[in-house]
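These notes concern the structure reproduced below.
Derivation of every value follows stated rules applied to the coordinates shown; laboratory data play no part. It should be emphasised that the depicted structure is a prediction, and the values quoted were computed from it without experimental measurement. Here Cβ is always computed from backbone atoms with ideal geometry, including for glycine, and neighbour counts include all displayed protein chains.
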Amino acid sequence: MLRLSRLLSKRWLSSSKPAGSTAAHYFPHEPKGPHLATDSIPGPKSQALNDELGQVFDNRATYFVSDYTNSVGNYISDADGNQLLDMYCQISSIPLGYSNPELLKAARSDEMANALINRPALACFPSTDYKQILQDGILAAAPPGHNKVWTALSGSDANETAFKAAFMYQAAIKRGSRDFSAEEMASAMENKAPGCSDGVILSFDKGFHGRLFGSLSTTRSKAIHKLDIPAFPWPKAPFPALKYPLSENVQANQAEEQRCLDAFESIIESYPPHTVAAIIVEPVQAEGGDNHASAAFFQGIRDITLKHKVLMIVDEVQTGVGASGKFWAHEHWNLTTPPDMVTFSKKFQAAGFYFHDKNLQPNQPYRQFNTWCGDPSKAIIAKTIYQEVVKHGLVEKTAATGAYLYPQLQAVLDKHPDKVLNLRGENFGTFIAWDFVDAGARNKLLAEMRARGVNVGGCGDVSARLRPTLVFENSHADVFLGALEDSLKAL
Amino acid sequence: MSTSEQYFPNEPVAPTVVTSEFPGPKSQEGIKSLGQVFDSRPVYFIADYEKSVGNYIVDADGNSFLDVYAQIASIPLGYNNPALIEAAKSDKMIRAIVDRPALGNYPGKDLEEILNGLLAVAPKGQDKVFPALSGADANELAFKATFFWYQAQKRGGHKVPFSDEENTSVMKGQAPGSPELAILSFERAFHGRLFASGSTTCSKPVHKLDMPSFNWPKAEFPSYKYPLDKHEEENKKEDQRCLEIVENLFKTHSCPIAGVLVEPIQSEGGDNHASNEFFQGLRDITLKHGALLIMDEVQTGIGATGLFWGHEHFEISPPADLVTFSKKFQTAGYYFHDPEIIPNVAYRQFNTWCGDPARMILAGAIASEVVKHDLPAKAQKVGGYLFKKLEDLQAKYPQYLQNLRGKDRATFIAWCFDNSAARDKFLKDMKTVGVNIGGCAEKSVRLRPTMVFEQKHADILVAAIEKVLSGY
Ligand SMILES: Cc1ncc(COP(=O)(O)O)c(C=O)c1O
Ligand SMILES: Cc1ncc(COP(=O)(O)O)c(C=O)c1O
């Protein structure tokens with residue numbers, strides 16, 4: 001049933017791809033270009049507001065103080081009246097542009113007010129409409145092969161609940177049909193084995209999966225994310241460091257991926273069976289520097305995990321919801337067997353993980369549990385996002401915008417081989433990044449871009465990443481390319 | 001007019017029970033259908049929130065229950081509260097839902113105002129806040145803040161930079177960059193179910209089994225004899241015994257203890273209370289050992305104990321270092337006051353959203369309603385009234401109302417049955433008389449009504465309890 005409706009919606013989506021600009025449809029008053037009101041950004045009002053904010057809130061990561069009431073479509077306004085083309089989008093989490101009229105409608109609905117003020121403990125007292133909200137939204141968007149969901153509140157939370165599901169799944173296999181032993185029950189209360197698991201989650205070098213204690217143990221991006229925090233002794237495998245351009249480095253890259261797969265398998269083999277409960281991997285390592293790998297690499301991961309009965313978690317927190325030119329980036333791989341769990345958050349506004357094996361629901365209730373178990377108000381927003389993405393063909397449009405942008409970006413960067421390199425994300429929607437010769441140059445370019453009214457984010461040590469909305473179109477790409485050309489010259 | 005009458009002119013005057021089984025047939029259908037896509041095994045019933053009003057929750061079958069469980073202690077002002085509807089429909093709220101910011105990078109112009117809504121009701125001695133999304137999230141962020149602070153002290157101060165060795169070892173998950181440090185918690189405590197909060201939770205094996213855990217220590221939490229006024233001597237000794245265990249763990253645990261985490265009343269673990277002296281003792285020990293004291297007010301906060309924050313009853317000095325909240329506040333996070341609890345550089349206490357302005361706006365509205373209507377004091381009064389009635393019932397049915405506790409803690413009341421089977425039967429039977437009521441630990445019943453639970457609701461509750469018990 002679910003698969004069918006998904007197929008139908010996909011077919012409908014490709015046969016009736018609405019032509020024309022969705023941005024113009026949503027945002028008749030979207031600015032045509034950036035508007036600069038102050039000499040520098042942050043401007044004086046932003047700075048004053050941020051200073052005040054600093055008295056009660058850690059504000060040292062503030063870029064500028066925003067005025068969301070005046071932000072429209074792809075343009076974010078700051079407190080000084082500057083309007084910037086936003087290609088960072090709240091760390092990759094704005095799907096349909098600022099002040100999207102359909103989201104406004106959803107937010108103003110009685111359904112939303114009800115969900116906000118009567119927040120249920122979902123696993124105990126779900127509402128009459130929760131199933132339908134899931135069915136029409138989060139589940140309608142499920143990746144191929146997935147038909148169940150556990151809802152959470154953030155990317156970290158989604159990953160950690162997926163880890164919990166993995167640990168309980170593996171322990172149940174080891175335990176077989178017997179009940180928990182008295183020793184397990186007693187030792188669990190002492191935080192000790194055998195009641196507490198000695199299992200591990202394997203992640204990849206430069207991966208980023210969040211910042212709570214379990215997720216942070218799998219995060220391998222930067223020291224500053226991890227310092228001073230106790231960590232579980234979980235293993236990490238190398239992630240391929242591909243050479244660009246890909247077409248000129250086919251063999252070297254194949255060898256690199258094989259090296260990583262071999263290392264991956266030998267780490268898994270170094271543990272007793274069922275001890276590596278799961279591996280977690282991003283389709284593109286985003287925070288860690290937009291590191292890509294080939295479909296063959298991920299198929300290799302899938303094969304090895306199946307062989308060793310290790311669960312495969314794909315972290316689509318940053319890659320999910322259309323930006324890659326597929327709704328879920330891992331759909332690019334055409335895996336022979338779908339991953340076991342797929343986690344999401346950010347652009348979907350709701351968080352959680354998809355799965356299909358009912359044994360990923362623990363054998364007893366109240367094991368995967370907490371007070372709220374998600375948030376219906378976010379599920380309503382996710383439903384609206386999904387329906388709009390389908391209605392306007394935004395996944396396909398994002399693929400097309402990416403195809404328009406990529407070669408032109410290549411041409412702009414090619415003029416500055418001494419400053420920039422390693423453009424990546426071809427045929428991957430607008431999920432594009434490139435490197436600079438060093439962090440200083442990268443940071444300077446981001447500042448130059450901001451001074452020209454374009455907000456771009458960095459990632460890794462030396463990369464810039466594009467994370468625009470799904471209504472970022474060719475006209476916006478032109479604005480971006482113009483600003484980039486000028487900024488690169490100013491470097 | 002009472003507050004509930006002002007808010008809810010159409011609140012039912014009594015429960016309505018229309019089905020003979022619970023969950024009713026429509027709920028059962030809904031549970032089955034939801035179960036295809038979402039774990040629905042813990043579901044009590046499917047609720048119809050549109051029809052629920054004030055202290056009454058309506059289910060899919062049309063039963064209307066007096067709700068003294070209130071979404072596991074998380075509904076502050078009753079269902080469909082008009083003041084909250086107003087907040088939910090406000091432009092500010094719409095904006096917060098539609099354009100959710102990454103607060104740490106691009107705070108909106110209104111963030112300070114929104115935060116001030118939370119700070120207006122900060123516990124005594126606290127004046128800063130870091131937002132989170134759930135109780136477990138709030139606690140774990142508080143642990144992170146604690147570890148950052150503790151290592152900074154060890155390093156020689158807030159401004160001392162990281163060593164190269166720290167920077168390299170941390171990427172291997174090894175000390176000194178990833179230090180072995182502990183949060184001390186208590187037996188029977190509940191602080192959440194993610195990996196670190198799960199390591200501090202110690203209420204039931206089912207919460208912890210098969211999860212990797214940090215090797216963090218547990219002290220004993222006092223087990224008092226009731227009634228308290230007849231066992232003062234013994235209970236004082238019990239405090240002393242437990243404090244000695246804490247003190248001892250500081251000396252003997254295999255790694256340094258950076259913080260002590262405690263609930264003002266251990267809720268999931270059975271509504272276990274402890275004295276002011278016990279909490280002051282914890283404060284003294286943490287100060288002595290250079291550790292932080294974290295109060296978990298996730299379940300006790302927002303007035304249910306008769307003061308806005310449960311730990312304010314203890315009047316400990318100096319104030320706790322961190323106070324975590326969630327549930328009834330609808331937003332989560334931690335309060336603190338020492339500027340050095342903010343880590344030395346940006347992006348250490350950080351994540352994509354850093355909280356949710358939509359939930360914080362609601363929290364601001366909740367706080368201002370609670371203050372405006374003086375609801376903690378009113379809860380204290382209703383609680384006193386209710387406690388007396390329960391004492392009367394206890395005299396009549398001592399077997400079914402053992403260890404009645406929560407005197408002078410407003411409606412935060414609990415008692416014990418002989419065993420979990422008897423308790424579970426009671427909880428179930430209460431449905432037949434139209435009351436939705438929760439348990440905690442093995443054999444306790446806990447009352448967790450809203451802040452607009454009044455004398456008339458207490459009368460209905462007591463009559464319902466008596467009706468059930470009289471059939472035993
Ligand atoms: C791939 C990935 N996973 C997980 C997370 C953590 O999400 P959150 O910040 O919502 O906890 C992020 C955040 O950047 C991410 O990019
Ligand atoms: C005292 C206390 N702390 C923390 C939590 C965890 O909160 P959450 O379920 O929102 O993660 C609870 C939940 O019952 C609690 O009672």
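Odds and ends about this structure:
- Stretch gain in nm, segment B:Tyr397-B:Asp459, where the contour uses 0.36 nm per residue and the Cα spacing is subtracted: 20.6 nm
- Averaging Cα coordinates gives a centre for the stretch B:310-386 and one for the stretch A:71-145; these two points are 26 Å apart.
- Measuring r between the beta carbons of A:Tyr404 and A:Ala48 and using R0 = 56 Å, the FRET efficiency lands at 0.90.
- Inter-label distance, A:Gln55 to B:Glu234: 5.3 nm, where each label sits 7 Å from its Cα along the C-beta direction.
- Share, in percent, of DSSP beta bridges within chain A that are antiparallel, nearest 5: 65 percent
- Across the stretch B:429-472, the residues whose backbone nitrogen lies under 11 Å from the label position 7 Å along the beta-carbon direction of B:Tyr385 are B:453-460.
- Across the alpha-carbon atoms of the stretch B:284-328, the computed radius of gyration and Dmax are 11.3, 34 angstrom.
- Compared with the direct C-alpha span, the chain from B:Leu287 to B:Glu165 gains 41.0 nm at full extension, assuming 0.36 nm per residue.
- Rg/Rh for the stretch B:110-170 stands at 1.10; both radii use Cα atoms, and Rh follows the Kirkwood definition.
- Simple Cβ-charge dipole of the protein assembly as shown, Lys/Arg +1 and Asp/Glu -1, about Cα centre, in debye nearest 20: 1340 debye
- Rounded to 0.05, the FRET efficiency of the B:Asn215 and B:Asp418 pair, given R0 = 30 Å and the Cβ-Cβ distance, is 0.25.
- Folded to 0 to 90 degrees: helix A:439-451 orientation relative to chain A principal axis, Cα: 50 degrees
- From the Kirkwood radius over Cα pairs of the stretch B:14-138, Stokes-Einstein at 4 °C and 1.567 mPa s returns a whole-number translational diffusion coefficient of 73 µm²/s.
- Two-decimal ratio, chain A, of alpha-carbon radius of gyration to 2.2 N^0.38 Å: 0.99
- Shielding by other protein chains, A:145-151, mean Cβ within 10 Å: 2
- Helix A:376-391 and the longest principal axis of the C-alpha atoms of chain A enclose an angle of approximately 60°.
- Value of [θ]222 nm, deg cm²/dmol, for chain A, DSSP H segments ≥ 4, -39500 (n - 2.57) each, nearest 500: -12000 deg cm²/dmol
- Förster radius 25 Å - calculated FRET efficiency between B:Ala175 and A:His308 (Cβ-Cβ, nearest 0.05): 0.25
- Computed log10 I(q)/I(0) for the stretch A:121-391 at 0.09, 0.11 Å⁻¹: -0.41, -0.62, from the Debye equation with unit scatterers placed on every C-alpha and solvent omitted.
- Between amide H atoms placed 1.01 Å from N, distances below 5 Å from B:Ile257 occur with B:Ala182, all of them 5 or more places distant or on a separate chain.
- Our summary gives the stretch B:103-372 a relative contact order of 29 percent, counting only alpha carbon pairs under 8 angstrom and 6 or more residues apart.
- Per-residue Karplus couplings for the stretch B:125-140, computed as 6.51 cos²θ - 1.76 cosθ + 1.60 with θ equal to phi - 60°, are listed in order as x, 10, 9, 9, 8, 10, x, 9, 10, 7, x, 4, 4, 4, 5, 5 Hz, Gly and Pro entered as x.
- Beyond 38 Å, the tail of the calculated P(r) for the protein assembly as shown holds 43 percent of the Cα pairs.
- Centroid-to-centroid separation of the stretch B:250-308 and the stretch B:89-119 [C-alpha atoms, Å]: 31 Å
- Length-normalised contact order of the stretch A:121-391 in % [C-alpha pairs under 8 Å, at least 6 apart]: 30 percent
- Backbone amide hydrogens, once placed in the peptide plane, bring B:Cys440 within less than 5 Å of B:Val445, B:Arg446, excluding anything fewer than 5 places away on its chain.
- Percent of beta bridges antiparallel (DSSP, the stretch B:103-372, rounded to nearest 5): 45 percent
- Across the options A:Val310, A:Gly352, A:Tyr244, the greatest Cα extent toward the positive end of the charge dipole of the stretch A:121-391 (unit charges at beta carbon of Lys, Arg, Asp, Glu) belongs to A:Gly352.
- Long-range amide H partners of A:Lys148 with built H, under 5 Å: A:Phe355
- Karplus-derived HN-Hα couplings along the stretch B:115-122 (A = 6.51, B = -1.76, C = 1.60, θ = phi - 60°), whole Hz, x at Gly and Pro: 5, 4, x, 7, 6, 4, 10, 4
- Cα-projected label distance for B:Val206 with A:His29, points at 7 Å along beta-carbon direction, nm: 5.5 nm
- Solvent-free Debye scattering, log10 I(q)/I(0), computed from the Cα coordinates of chain B at q = 0.05, 0.07, 0.13 Å⁻¹: -0.19, -0.37, -1.29
- Student exercise, the stretch A:121-391 dipole from Lys, Arg, Asp, Glu Cβ charges, in Debye to nearest 20: 320 debye
- Of the three principal axes defined by the Cα atoms of the stretch B:103-372, the extents in descending order read 57, 50, 37 Å.
- Projected label distance in nm at B:Thr16 and B:Cys255, using a 7 Å step from Cα toward the beta-carbon: 5.7 nm
- Whole-angstrom gap from the stretch B:417-471 to the stretch A:165-211, using each part's C-alpha centre: 36 Å
- Listed values for the stretch B:427-436 are Karplus-derived 3J(HN,Hα) couplings in whole Hz (6.51 cos²θ - 1.76 cosθ + 1.60, θ = phi - 60°), namely 4, 5, 4, 4, 4, 5, 9, x, 10, 9, and x replaces Gly and Pro.
- Listed residues A:Gln361, A:Ser217, A:Ala329: farthest to the positive end of the dipole of chain A (Cβ charges): A:Gln361
- Computed over chain B, the per-residue total of -39500 (n - 2.57) for DSSP H runs of n ≥ 4 gives a 222 nm mean residue ellipticity of -12000 deg cm²/dmol, rounded to 500.
- When DSSP beta bridges are restricted to pairs lying wholly in the protein assembly as shown, around 60% turn out antiparallel.
- Between helix B:25-35 and chain B: long-axis angle, C-alpha atoms, 0 to 90°, nearest 10: 20 degrees
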